[in-house]
1. Please arrange Tyr115, Tyr70 by counting, for each residue, the other beta carbons lying within 10 Å of its beta carbon, fewest first.
2. Quick one: which residues, 5+ away or cross-chain, put their amide H under 5 Å from the amide H of Thr234? H built at 1.01 Å from N.
3. Putting +1 on Lys and Arg Cβ atoms and -1 on Asp and Glu Cβ atoms, find which of Cys154, Thr266, Gly194 reaches farthest to the positive end of the dipole of the stretch 98-299.
4. If the chain between Thr74 and Glu195 were fully stretched, how many nm would it gain, using 0.36 nm times the residue separation less the Cα-Cα distance?
5. Loop-only GluC sites (Glu not before Pro) in the stretch 199-265, please: DSSP not H, G, I, E or B, and at most 10 other Cβ atoms within 10 Å.
6. How big is the Kirkwood radius of the stretch 214-275, worked out from every pair of different alpha carbons and given in Å to one decimal?
7. Give me the tail of P(r) for the stretch 98-299 as a percent: Cα-Cα pairs with distance above 32 Å.
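All of the numbers you see were taken from the coordinates with simple rules; none came from a lab. Only a predicted model underlies this, so the values are computations on that prediction, with no experimental measurement involved. Cβ sites come from the backbone with ideal geometry, for glycine too, and all protein chains shown count toward neighbours.
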Amino acid sequence: MVGLLGRVGAVVALLGSLVAGRPAQQVVEYGGVGAVVPGRGETVGVEALTADGRARGLTVRVGRDGRVSYEAETEASAPGRTSAAGRAEGAEPGASPARAACADTAYSTAGHKEYGTYLWHVGDGPMPGGLTRDAARKVFEESIGTITAERNDCGLAGTGGPQARYLSATDREAGIDRAGRCSTRDGVSVWDAGELPQDVVAVTCSWAVTMPDGGPNDLIEADVRFNTRHHRFTDTPGERCSDAYDVRAVGTHEAGHVFGLGHVGTGHENLTMYTNSYTCSTRARTLGRGDVLGLRALYR
């Protein structure tokens, strides 16, 4: 984990009376997020974008032997900036000012990647920002494209990142419940909107299988949900914008999670993968240096 976020983990249980992959019976919760226990040799990760910028993430994994473990995302105790090598730089008392996006090399990875092509759908129901389903699809496609093409204002050329393709609209829903938990995996990756906890802006749930060579896990499904129950969104933030999140900025952040990027914390507010996208801000529509370096670490 690179950035100001740490991970705490523990073994939950050996699957005996527990049965992997039965979401109605087995849920792991920690720090305000949760996920069902996946199948053997699988992982599920939930990343929440929060209104106050607090880190909130959880990965639940089941080994081939049925051992269930989790790793939760927390803010590190000491402030300061971190490098791509994971070493703290210049940690000192008090809050550190955020570095410029093109000068900040911090990133974190979540332990999975898309080895093939991410095939995704738009769900039914109301979309964020009052967009039509077709308009939302175009916005989501642009956000995903920012990640796959490594779009940035830092002069960094794309190096051939992950691949994605929109398939169709669907009546399926993202497998995310109103408590912000990864609740189901149905083999269909869906972007939609609905109700989440009040302090959560959006959630991504990523399901993956363990790679035998020990490399990043292989993504098999990733769902994204915007919280339109408690937060306002807009596709055209401007001078008159008030307390509304930019759909494209939030979408780009969530797409980063889909393709394996994790959060960065305090001192890295100008990067797309910071834990808060900020209302009326379009900053996260394009990537910073650290965001690009994180993608290159996964897809070089």
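1. Tyr115, Tyr70
2. For Thr234, whose amide H was placed from the backbone, the distant partners under 5 Å are Tyr245, Asp246, Val247.
3. Cys154
4. Working it through step by step, the gained length comes to 41.2 nm.
5. Glu239
6. Details: mean 1/r = 0.0737 Å⁻¹.
Result for the stretch 214-275, one decimal place: 13.6 Å.
7. Of all Cα-Cα distances in the stretch 98-299, 9 percent exceed 32 Å.
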